[in-house]
Amino acid sequence: MSFEYAAVTKSLMFGIALTSAVAGIFDLKHYLNLQLVPHISKHHQYWRLFVHHLACASSSDLLLTELLLYNVGIPIERAFGGVKYASFFIISAVTTMVVSFVALLLAQLIPMTRANFNNIPGGPFAILFAIIYQYMRLVPPAYHFRVFGLGMSDKIWIYAIAFQLTVARLPATLLPTAVGLFVGYMYRSDVLQLKSWRLPPRLVRLAEDWVKPLLGEDKPVRRTHRVLPEPRAPGSARGSRRAVNLADDEVVTTARSAPRRRVPRPSSGTPSTIDVDANTNAAAETLPAGENGSEQARDRADTGAPASAIDTGSGMNPLRDAWDEIAEFRGPTFG
């Protein structure tokens, strides 16, 4: 799977990796943690609600985040489109920031959850699980299998990575997981009427002109249809091995065979056509009447014989047979 039609996901992966590396190099990871007490309630550091989404606090969280973005973000972006996916990401970031703050306030009202749900670790966990909810609803499984009688699909591996990210820092990671799934549900059900919002066209053009060229090519790698390897040069390092001769061996290809086209061929006699195969360049001449001539034409085309060597047979054209008999008649001879 490549980054074709997934420029937003590619930029998000590069951005999160870059900000995480910068935070680790310059020792800024302590600014990524969000605590209601004392960061919000005492010091009034509300900017932490926004900053804790920008980078991951550890390399293990960064690895799991990149894996999920690559396997989940690319199909969702291709399903949504680049502009809608970027709009969804911004809506999810703002909504999760507000819902996380409200969830932290509600957790302080219950004595049992006051100590366990006081902080949120750094990382875009809530936004990531909002994308995972869209993946659960939109992307169908490719195949199913059973393990000890339990039915599963290929999506189980994505869910396993998401579960590992959820239990990485219990119980602090449970809150952003629940918030992200809730925000994804709200966007999917369109409760707040946010699905129709899009980024301004001027901002989209600015990103296409200045940001997209920095990401490099996002086109898929050109793949050959040949299964066999290409022949090696005589002076290569592995020249001792026998080069594969594609002319002698059978070439297996997955490409569709080119359709046969009919080319008119003018002649002095009965009009005929030639069937030309674009793959083999073999021509088979078929005559309008009779089956013997067409079968011989196909045999000639398969063996590579020229089309002029086709035996038209007898009895195919009564007028031509009568003319041949008249031409061959020489009249009586007298001794």
Difference of contour (0.36 nm per residue) and Cα-Cα distance, ARG205 to LYS29: 60.0 nm
Positive-pole candidate from GLY81, GLY15, PHE125, dipole of region 7-215, charges at beta carbon: GLY81
Amide H contacts of SER153 (H built 1.01 Å from N, under 5 Å, at least 5 apart or other chain): PHE145
Phi to ³J(HN,Hα) by Karplus 6.51 cos²θ - 1.76 cosθ + 1.60 over region 47-52, Hz, x for Gly, Pro: 5, 5, 4, 8, 6, 5
Net dipole in debye of region 7-215 [+1 Lys, Arg Cβ; -1 Asp, Glu Cβ; about Cα centre; nearest 20]: 320
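Among GLU4, GLU66, GLU77, which comes first, then next, by fewest other beta-carbon atoms within 10 Å?
Details: GLU4 13, GLU66 18, GLU77 24.
Lowest to highest Cβ neighbour count: GLU4, GLU66, GLU77.
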Label-point separation, GLN193 to VAL22 (7 Å along Cα→Cβ), nm: 3.8
Under the Karplus curve 6.51 cos²θ - 1.76 cosθ + 1.60, θ = phi - 60°, whole-Hz ³J(HN,Hα) for region 70-82, x wherever Gly or Pro sits: 5, 8, 10, x, 5, x, 5, 5, 5, 6, 7, x, x
Alpha-carbon centroids, region 94-117 and region 159-179: separation in whole Å: 16
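List the trypsin sites (Lys or Arg not before Pro) within region 3-77 that fall in a DSSP loop (any state other than H, G, I, E or B) and whose Cβ has at most 12 other Cβ atoms within 10 Å. The partial results should precede the final answer.
Numbers: sites: LYS10, LYS29, LYS42, ARG48; in loops: LYS42.
The qualifying sites are LYS42.
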Set LYS155/LYS212; LYS10/LYS212; LYS84/LYS212 screened for pairs whose C-alpha atoms are more than 20 Å apart: LYS155/LYS212
Rg and Dmax of region 7-215, Cα atoms only, in Å: 17.7, 55
Amide proton proximity set for LEU34, modelled H, under 5 Å, gap of 5+: ILE120, GLY122
Built amide H within the under 5 Å cut-off of LEU54, gap 5+: GLY123
³J(HN,Hα), Karplus 6.51/-1.76/1.60, whole Hz, each residue of region 37-45, x for Gly, Pro: 10, x, 4, 8, 6, 9, 8, 6, 8
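All of the numbers you see were taken from the coordinates with simple rules; none came from a lab. Because the structure is a prediction, the values reported are computed rather than measured. No Cβ is skipped: glycine too gets one built from the backbone with ideal geometry, and neighbour counts run over all protein chains shown.
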